[in-house]
Structure formats: structure tokens, C-alpha cells
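Down below is the structure, laid out as C-alpha cells.
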């Protein structure tokens, strides 16, 4: 007896695999057990018992789920079922996998109408949870279909110093985090992972708005999981929200982390955090092992724009000229000339331009006759209603062996770049 595959090859699978075929049926008594399995996965997640899933490498669990999707799309449910059974046995806290496994069991006795084909009464009671799982599934499949073009990188990564070993970019619309390595041959994509963001979405503005911020940030710490509640999973990497552009715009709040999931969950719904970026624990562990504190940039965008690295030479030329002009002005010892590079609303850790100028004047006096050298320069571009450049570099007096690491925020005003924040880090 033939049965339509239905929504187990749900929208994402059908878009990717263009497959519509038939299930083969078996015994009815298995369907009843299967429907109980599916219904169980839609219960409130916070009430789930703590589980100890099998250890997994980063990305491995998602890869196994995608393999099951592909088999379903090929009408090969015979091979898909044992793989799904194995996946939920190894990771019983992976709710989406439980849902797919339950549908595969149901599909052996009757057509599956939609992902999570539970009885209508259960579906009504668990509607929010089912909607979240369906959205998670669509986003995972979308990430498989819409891969970054080979050799392309996010447009924000204009120039990374060799001292910056890795970089992170988050595409909030795709619920995806991309991990890059900065090599002598250029920026290379190492891996990418499903992530969850704020319950209210993105563009954080005020404390408690349940949104994930957008902008250029840096990893500022690595919190020991032993010091954290189980809610944060394998650990946490705080980032520097609010950054200086956020401060300039009056944004408030804090405590934005990249962190893991509690033991009862393998992953969380796409929109389910208080503003943090949340990964499955194996994926977070890879990030923690890889990144360096203070130097690793974290770009969070609504949609990442992927560009060829060769385009950076043209895009960055006007800014490189501005940075060289600032360096020359500071080396000249002419404070008046140097001040033309700063905006009237400049601030430095709470000090206005007038309050900060004596510190700059002391620096210029100390460096007089020696000139200023900058090295290990990185600059990342953030473009929304304004064009902003976040610049980090080592500054030292010509001939000196040591100096200070500085960060500047530049804004483009017409054809000119000006500094609205400067400080040591």
C-alpha cells in the first residue's frame, strides 16, 4: 500500500530535494506507539528530565539529521528509520530528531501530513512547541541549501591582523554562526553551526528587550562552566556589548554571551534567548577551544553579505589613507592638526573631547621628535544608517620595543573619515 511522503519531506526538504514519493506501510500497532513518541517530544521543554547524551564532535549531530532528511527525500525511509532511531538513542535530548523519528514510525502505517504529525488534540495543546521545531528544521535545511559562495567572506572583515587567528560571523536571519581562520593565504571558513537568538529578534536597544544586538564585537572572556548554572551548558564567551557605537546611540543593557544549552536540550528554538547567541554544547566547545580572548571579532548581522576578498583593496583604500593621515598628524607633534581628525561629539570612556584632549596633548608631547608607529592593524566595517570602522592596532613611539594596544571607532562624514572614540585596551 502506498502513502504520500507528506511533510516529513516538509517544505525545506521538498525545496532542496524536489522529491515527492510513497511510504510503505506495516503494522498498525506501531503507529500508536509512534504517535506517543511524537507527542512526547512536544511537551514543555523546561519540564524535561536532565539527560546525559553521548559525546559528539561539533556539527556531527546536525550532519546525522541532514543525512536522514536526504534519505527521506529519496523515498528511502527504510534506511532513514534506523538512522533516526540511532540518533535519538545517542541524543535523547534532541527534540527535533525525536520528532522526525516519531514521524517515520507513524509513516509506516498512515500518511504523514506535516512535520510532527501528532493527533489534533496534542497538536493544538503543543502548537507553540511544534511551530518552534518546524522553524528550527527549516532553518537547518536552509543553511544546507544556501551555502556561502566558495572563497567569499563577510563584508565586515576588511582587514585582519596576523595576530587575529580566528573570527566569528553570525547571520541572524539564517540562525547560523560561521567560524573562520585567518591564514597567511586569507580568511578561510572552518565550520558553521545552528544558533538561537533573542525571543524578540534582533537589534537590541535597551536592557531587557530580549533582543540580540547587531554590530562588531569582540570576545572579552571565557567563563568556566563550573561557575555557571546548568542553563548555560558547556560554558560562555561574553562579548563587549554595548560597544562604543552602541554607547554613542544610547543603547543599554549588557551580559550578552555566546553560550551553550542546558542538559535537557540539545538545541533551542530559533528565537528563544534573552539576547544571547546560543549553540549546541559540542559546537560551543569547539568555539571555546578555538578563539582567543580580546582579539577574536564577533560580527552579528541580520543578513551577512558575502564578498570576494579582492574587493577589500578597493573598499579599504579611502580608509587606509585616512588612518595614514591621522598617523602623520600625530607624528608631526602638531596638536591642532591632529584635532581635525576627531568629531565634536568624540568620547573616550565617558570623557568628552574637551575632557580627553589634555591626555592626548600629553601623549603628543611625550612622542615629540620621535614619530608614531602603528602595527598589527585590524579594521572591521559596520554599515547601517552610518558607515563605521572599528580599528585595533599597536601604537608605539618610533624605535620603542613596546607600546599600547588601541581601539578607535571612525565614522564617515561625506567623503571624510573622523574618529568618535579612541582608547587603550
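The values are calculated or read from the model by the stated rules, or taken from the named source; none is laboratory data. If you're wondering where the values come from, they're calculated on a predicted model, not measured in any experiment. Counting neighbours? That spans all protein chains shown, and the Cβs are built from the backbone with ideal geometry, glycine included.
General remarks:
- Residue count for region 317-355 under the criterion of being in contact (Cβ under 8 Å) with a residue 12 or more places away in the chain, assigned to a helix (DSSP H, G or I) and farther than 20 Å from residue 375 by Cβ: the result is 3.
- Screening the candidates 265, 302 for the property of being surrounded by fewer than 17 Cβ atoms within 10 Å (Cβ to Cβ) and touching a helix residue (DSSP H, G or I) at 6+ places or on another chain (Cβ under 9 Å) yields one hit, 302.
- Remark: residue 234 matches the filter, which requires a residue to be in a loop (DSSP other than H, G, I, E, B), touching a helix residue (DSSP H, G or I) at 6+ places or on another chain (Cβ under 8 Å), within 26 Å of residue 164 (Cα to Cα) and not assigned by TED's automatic domain parsing to the domain that holds residue 389.
- Only one of 263, 309 that is under 12 Å from residue 158 (Cα atoms) and outside any helix (DSSP H, G or I): 309
- Test: residue in region 293-306 that is in contact with a strand residue (DSSP E or B) (Cβ under 9 Å, 6 or more places away or on another chain), in a helix (DSSP H, G or I) and under 24 Å from residue 396 (Cβ atoms): no
- Qualifying residue in region 321-340 (condition: surrounded by 12 or more Cβ atoms within 10 Å (Cβ to Cβ), closer than 21 Å to residue 383 by Cα and not assigned by TED's automatic domain parsing to the domain that holds residue 138): yes
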